[in-house]
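Enquirer: Before I ask anything, let me first share the structure, which is written out below as structure tokens.
The values are calculated or read from the model by the stated rules, or taken from the named source; none is laboratory data. Here the structure is a predicted model, which means the values were calculated and not measured. With ideal geometry, Cβ positions are generated from the backbone for all residues, glycine too; neighbour counts draw on all protein chains shown.
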Amino acid sequence: MKIYVAYTGGTIGMVPSDQGFVPGNAFAADILQHLATYQPEHEFEVHCYQRLIDSSNATPEDWQAIAFDLQAKWQDYDGFVVLHGTDTMSYSAAALAFMFQHIRKPIVVTGSQIPMIKKRNDALSNVFGAVEAVLNGPNGVFLFFAGQLLEAARARKIDTSNLQAFQSPNFLPRGVLGIGWEWRKMHLPKAPELIQIPPMKSGNITLLPVFPGVQASHWLGLLESNVKGAILLSYGAGNAPDQNPELLSLLKASNDRGVVIVNVSQCGNGAVSSGTYAAGSALVQAGVISGRDMTFEAAFTKLHFLVGLELSADEIKSSFGKTLAFDVL
């Protein structure tokens, strides 16, 4: 089996510098040597990106760049591993899941909490686990970390200090790697492979945080005229202040000019249930649509993806509630 490994940067390959840990170029050769020893019967290529990024600097344009790289290699390799920083790994993984739908090959995104250069690290176990998932697991786009293979559009980082850094709220892992694999069987729809990499621009989508005392002035700068969509981070089952007419008026005015606003709960588990409470019903009347049980990372990248396809606001609203990558139930 031929496996392409894209090293984009991140903690996994970082080395010390005067400013702290930074991505290191020598990592690609080091990891290739480890892979060749670990799985000598398979062929690996490790490609080090010319511009390595700390994932906290990642942008939607970087999601595109990774996708274009994988697309260019698509016919030459049987599986793909993307090595990425953990801070925004869930965003990049979700974006890839929307761009590579119903694929007949595996793409597995992984990284580490501790650089491989450290004597005690989680880098090799995550890389080897991701490779095992490519060799033995299902096709599709996934995030592997600390023994769990998660649907890419369902994963989120939940811990900064433990090696079990990622979780899949509202959706069970596809596989768990212990001594061997335990797989979760799924009924997969029959659909043709669809690879779409639309333009995705920084600044098109924003986040609107709900917090005690939030005012329209807090959101006004976020809902500028060039914004195409927004993720509203609401309380509980999808609630926000319903006795603040200026706040609701701003949402309604933004909706009326074509900004798609999606309601996603701040809670890690559960779903938005629009209309259950008056505070949620007010958002519906302002034109806000439900993100149901999506993570905000998946909602954020999905809006980028749909806007990039140059759909109208009504078409985006219609498409948003449909599952494209196991992202919503």
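Enquirer: From (1) within 30 Å of residue 299 (Cβ to Cβ); (2) surrounded by fewer than 23 Cβ atoms within 10 Å (Cβ to Cβ); (3) modelled with pLDDT of 90 or more, pick out the condition that doesn't hold for residue 84.
Expert: Result: residue 84 fails condition (2) only.
Enquirer: Which residues, taken from region 282-310, are under 15 Å from residue 236 (Cα atoms) and in contact with a strand residue (DSSP E or B) (Cβ under 7 Å, 6 or more places away or on another chain)?
Expert: Matches in region 282-310: 283, 290, 291, 294, 295, 296.
Enquirer: Among 64, 39, which is the only one that is within 17 Å of residue 128 (Cα to Cα) and either surrounded by 18 or more Cβ atoms within 10 Å (Cβ to Cβ) or over 25 Å from the mean Cα position of the chain (by Cα) (or both)?
Expert: 39
Enquirer: A further question follows. Identify all residues within region 175-231 that are of a type in the set (S, T, N, Q) and more than 19 Å from the chain's Cα centre (by Cα); write none if there are none.
Expert: Once the filter is applied, which keeps residues that are of a type in the set (S, T, N, Q) and more than 19 Å from the chain's Cα centre (by Cα), region 175-231 yields 215, 217, 225, 226.
So that you can scan it fast, the table gives a plain yes or no per residue for (1) touching a residue at least 60 places away in the same chain (Cβ under 8 Å); (2) part of a helix (DSSP H, G or I):
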site: 76; (1), (2): yes, no
site: 97; (1), (2): yes, yes
site: 121; (1), (2): no, no
site: 127; (1), (2): yes, yes
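Enquirer: Mind checking which residues of region 103-118 are more than 21 Å from the chain's Cα centre (by Cα) and over 14 Å from residue 163 (Cβ atoms)?
Expert: The answer is 117, and nothing else.
Enquirer: May I pose another question? Give me a count of the residues in region 74-115 that are more than 26 Å from residue 202 (Cβ to Cβ) and out of contact with any strand residue (DSSP E or B) (no Cβ under 8 Å at 6 or more places or on another chain).
Expert: 5
Enquirer: For the condition in contact with a Pro (Cβ under 6 Å, 6 or more places away or on another chain) and either at positive phi or modelled with pLDDT of 95 or more (or both), what is the one hit in 141, 127, 109, 134?
Expert: Going through 141, 127, 109, 134 in turn, just one is in contact with a Pro (Cβ under 6 Å, 6 or more places away or on another chain) and either at positive phi or modelled with pLDDT of 95 or more (or both): 134.
Enquirer: Now a separate question. Does residue 61 satisfy the criteria of being farther than 20 Å from residue 97 by Cβ and charged (D, E, K, R)?
Expert: no
Enquirer: Of the residues in region 158-207, how many are surrounded by 15 or more Cβ atoms within 10 Å (Cβ to Cβ) and of a type in the set (Ser, Thr, Tyr)?
Expert: Count: 2.
Enquirer: Out of region 234-246, which residues are buried (at least 19 other Cβ atoms within 10 Å of the Cβ) and either polar (S, T, N, Q) or at pLDDT 95 or above (or both)?
Expert: 234, 239
Enquirer: Where residues in region 99-119 are without any contact (Cβ under 8 Å) to a residue 40 or more places away in the chain and basic (Lys, Arg), which of them is nearest to residue 300 (Cα to Cα)?
Expert: Checked region 99-119; the qualifying residue nearest to residue 300 (Cα to Cα) is 105.
Enquirer: Starting from residues that are free of Cβ contacts under 8 Å to residues at least 40 places away in the same chain and outside any strand (DSSP E or B), keep the ones in region 47-57 and report whichever is surrounded by the most Cβ atoms within 10 Å (Cβ to Cβ).
Expert: By that ranking, first place goes to 57.
Enquirer: So, residue 169, is that one of a type outside the set (A, V, I, L, M, F, W, C), over 26 Å from residue 64 (Cα atoms) and touching a strand residue (DSSP E or B) at 6+ places or on another chain (Cβ under 7 Å) or not?
Expert: Answer is no for this residue.
Enquirer: If a residue must be under 13 Å from residue 209 (Cα atoms) and touching a Phe, Trp or Tyr at 6+ places or on another chain (Cβ under 8 Å), how many such residues does region 252-266 contain?
Expert: Let us first name the residues in region 252-266 that are under 13 Å from residue 209 (Cα atoms), namely 261-266.
Still in the running and touching a Phe, Trp or Tyr at 6+ places or on another chain (Cβ under 8 Å): 262, 264-266.
Here the count works out to 4.
Enquirer: Look at region 1-36 and say how many of its residues are in contact with a Lys or Arg (Cβ under 6 Å, 6 or more places away or on another chain) and either more than 16 Å from residue 82 (Cβ to Cβ) or charged (D, E, K, R) (or both).
Expert: 0
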